[in-house]
Amino acid sequence: MNKTIEYRKMTKEDIPAVVEIEQESFATPWTQEVFEHEMTGNDYAHYIVAVADDEVIGHCGMWVVLDESHITNVAVRKHMRGHGIGEALMRKAIELCKTNDVRLMTLEVRVSNHTAQNLYRKLGFQDGGIRKNYYTDDHEDALVMWVEF
């Protein structure tokens, strides 16, 4: 891949592209209204986007409350997967947390999503437990993972 990728704070103008990525990526994607609320009504929300050639190609969201962060979503456009963009988004999120004295980051991931689990382990995350029937579309369990900085 020869594209230069920029990572920056998400803006309201990015929402339509982020919603498209959600629809490509998740069985129960977040809607435009959810992202609008996140951007305008949730003081804890922080979002990063990956941009190549003026196209939003990925995003990572998190809530930061005091010294803890919870990853809400990470997704990359299908045609751009496998190029380290998801990892770079997570590294940017971790960097933001460390800069703001966040000491712990958590997330949930489908128990069947071994690719994501391997990425999170590569970034230092550990298994923390199982949330039974976590996903509403098929009642799959979620693996809770966490990392301490």
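Counting the residues of the range 94-113 that are closer than 24 Å to I48 by Cβ, without any contact (Cβ under 8 Å) to a residue 40 or more places away in the chain and open to solvent by 30 Å² or more (accessible area, probe 1.4 Å) gives 7.
Please work out if H46 is of a type outside the set (D, E), open to solvent by 40 Å² or more (accessible area, probe 1.4 Å), under 22 Å from E140 (Cα atoms) and part of a strand (DSSP E or B). Walk me through it before giving the result.
Values: of a type outside the set (D, E): yes; open to solvent by 40 Å² or more (accessible area, probe 1.4 Å): yes; under 22 Å from E140 (Cα atoms): no; part of a strand (DSSP E or B): yes.
The answer is no for H46.
I need a count of the residues in the range 15-30 that are open to solvent by 50 Å² or more (accessible area, probe 1.4 Å) and either at pLDDT below 95 or part of a loop (DSSP other than H, G, I, E, B) (or both). Show your work before the answer.
Of the range 15-30, the ones open to solvent by 50 Å² or more (accessible area, probe 1.4 Å) are 16, 20, 23-24, 26-28, 30.
Narrowing further to those that are either at pLDDT below 95 or part of a loop (DSSP other than H, G, I, E, B) (or both): 26-28, 30.
Here the count works out to 4.
Residue pairs whose Cβ atoms lie under 7 Å apart, separated by 6 or more positions or on different chains, with the first residue in the range 76-88 and over 15 Å from R8 (Cα atoms) and the second charged (D, E, K, R), are R77/E24; K78/E24.
When G58 is tested against (1) within 23 Å of L123 (Cα to Cα); (2) in a helix (DSSP H, G or I); (3) not β-branched (V, I, T), exactly one condition is not met: (2). Would you confirm whether or not the range 70-87 contains a residue that is more than 25 Å from T4 (Cβ to Cβ), in contact with a Leu (Cβ under 6 Å, 6 or more places away or on another chain) and either at pLDDT below 95 or open to solvent by less than 80 Å² (accessible area, probe 1.4 Å) (or both)? The answer is yes; a qualifying residue exists.
Y120 meets each of the listed conditions (1) open to solvent by 30 Å² or more (accessible area, probe 1.4 Å); (2) among the hydroxyl-bearing types (S, T, Y); (3) part of a helix (DSSP H, G or I) apart from (1).
Residue-by-condition table, conditions (1) of a type in the set (D, E); (2) under 26 Å from D14 (Cα atoms):
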residue: A50; (1), (2): no, yes
residue: H114; (1), (2): no, no
residue: E140; (1), (2): yes, no
residue: M145; (1), (2): no, no
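For the range 97-120, name all the residues that are more than 15 Å from V74 (Cα to Cα) and of a type in the set (D, E, K, R). First the steps, then the outcome.
In the first step, residues of the range 97-120 are kept if they are more than 15 Å from V74 (Cα to Cα); the result is 97-104, 111-112.
Correct list: K98, D101, R103.
Taking each residue of the range 12-33 that is over 17 Å from I48 (Cβ atoms) and looking for partners that are open to solvent by 80 Å² or more (accessible area, probe 1.4 Å) with beta-carbon atoms closer than 6 Å, six or more apart or interchain, yields E24/K78; T28/T136; P29/Q23. Would you confirm whether or not the range 124-139 contains a residue that is under 25 Å from I5 (Cβ atoms) and open to solvent by 30 Å² or more (accessible area, probe 1.4 Å)? Looking for residues that are under 25 Å from I5 (Cβ atoms) and open to solvent by 30 Å² or more (accessible area, probe 1.4 Å), one finds at least one in the range 124-139, hence yes. Residues in the range 9-39 that are touching a strand residue (DSSP E or B) at 6+ places or on another chain (Cβ under 6 Å) and farther than 28 Å from E140 by Cα: M10, D14.
The values are calculated or read from the model by the stated rules, or taken from the named source; none is laboratory data. Treat the numbers as computed from the prediction; the structure is a model and nothing was measured. Quick reminder, even Gly has a Cβ in these numbers, built from the backbone with ideal geometry, and neighbours come from all protein chains shown. Surface areas here come from the heavy atoms of the whole protein model, side chains and all, with no ligands, DNA or RNA. Shrake-Rupley method; radii C 1.70, N 1.55, O 1.52, S 1.80 Å.
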